[in-house]
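Just below is one structure, and these are the notes that go with it.
Just so it is clear, none of the values below were taken in a lab; they were calculated from the coordinates. Predicted model, so just to flag it, every value in this text is computed and none were measured. As a convention, Cβ positions derive from the backbone with ideal geometry for all residues, glycine included, and neighbour counts pool all protein chains shown.
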Amino acid sequence: MNRKEKEGEMDIAELLKNKGLKKTNARVKISSILSQSVQPLSEKEIKKKMGNEYDRITFYRTVQVLIKADIIHRIIVDNTQIKYAFTKDDKNELDKTEHIHFYCTQCHKLICLEDVLVQYYELPKGYIQSECAVLIKGICKNCNEKK
Ligand SMILES: [Zn+2]
Ligand SMILES: [Zn+2]
């Protein structure tokens with residue numbers, strides 16, 4: 001483990017503590033892998049980075065806990081692609097708003113557009129929203145500039 005990774009894991013330990021979660025190896029590992037990744041990662045990609053520490057059941061359990069604590073979030077691209085991303089903790093707890101995601105159909109990159117927030121739709125009477133996920137598909141900036 002290099003110095004940067006070590007520091008990352010220390011920050012994660014602090015974050016878990018702040019969220020009232022016990023520090024477990026899997027929680028620290030998965031959170032720090034995602035916090036150091038520029039792009040959201042799939043389970044397969046996380047598994048590769050975890051090596052021997054990966055265990056399927058622990059992975060699913062850990063991911064549930066981390067999502068609930070708002071440390072990471074899940075992005076469903078389609079029914080074969082689910083990705084996980086670290087949730088940057090710079091937003092106001094009271095004003096918790098989801099950001100949108102962009103999927104490039106050319107380079108297949110998934111990007112967290114942290115500055116573009118999900119809008120709220122007015123629902124018919126009697127409907128209660130618990131979450132709202134927005135995934136926009138198209139051509140990313142890089143691919144667009146290459147044309
Ligand atoms: Zn692209
Ligand atoms: Zn995101």
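Taking the alpha carbon gyration tensor of the chain, multiplying each eigenvalue by 5 and rooting it gives semi-axes of 26, 21, 15 Å, largest first. Treating r as the C-beta distance of Leu135 and Lys23 and R0 as 41 Å, the FRET efficiency rounds to 0.80. Restricting the stretch 58-147 to chymotrypsin sites (Phe, Trp or Tyr not before Pro) that sit in a DSSP loop and have at most 11 other Cβ atoms within 10 Å of their own Cβ leaves Tyr120, Tyr121, Tyr127. DSSP bridge analysis restricted to the chain gives an antiparallel fraction near 75%, rounded to the nearest 5. Springs join every pair of Cα atoms under 10 Å in this Gaussian network model of the chain, and among Gln64, Gln39, Gln81 the largest mean-square fluctuation is at Gln81.
Would the stretch 1-77 count as rounded, prolate or oblate if I go by the C-alpha gyration tensor, calling it rounded below 1.5 in a/c and otherwise prolate when a/b exceeds b/c, oblate otherwise? Rounded is the answer for the stretch 1-77, as its axis ratio a/c remains below 1.5. Which of Glu122, Glu114, Glu45 moves the most in a Gaussian network model of the chain with Cα springs under 10 Å? Maximum fluctuation in the GNM of the chain, among the listed residues, is at Glu122. Considering only Val28, Ala133, Leu123, and ranking their Cα positions along the charge dipole of the chain that arises from unit charges at the beta-carbon of Lys, Arg, Asp and Glu, the one farthest toward the positive end is Val28. Multiplying the residue separation of Leu123 and Asp55 by 0.36 nm and subtracting their alpha-carbon distance yields 20.4 nm.
Amide H to amide H, with H built 1.01 Å from N, Ser42 comes under 5 Å of Tyr84, counting only residues 5 or more places away or on other chains. If you run the Gaussian network model on the chain, springs between alpha carbon atoms under 10 Å, then out of Ile46, Ile128, Ile72 the most flexible one is Ile128.
Rounded to the nearest whole Hz, the Karplus-based 3J(HN,Hα) values (6.51 cos²θ - 1.76 cosθ + 1.60, θ = phi - 60°) of the stretch 73-84 follow the sequence 9, 10, 10, 9, 7, 7, 6, 10, 10, 10, 10, 10, with x at glycine and proline. Listed by Cβ neighbour count within 10 Å, with the fewest neighbours leading, Met50, Met10 appear as Met10, Met50. Treating r as the C-beta distance of Cys143 and Glu7 and R0 as 35 Å, the FRET efficiency rounds to 0.55.
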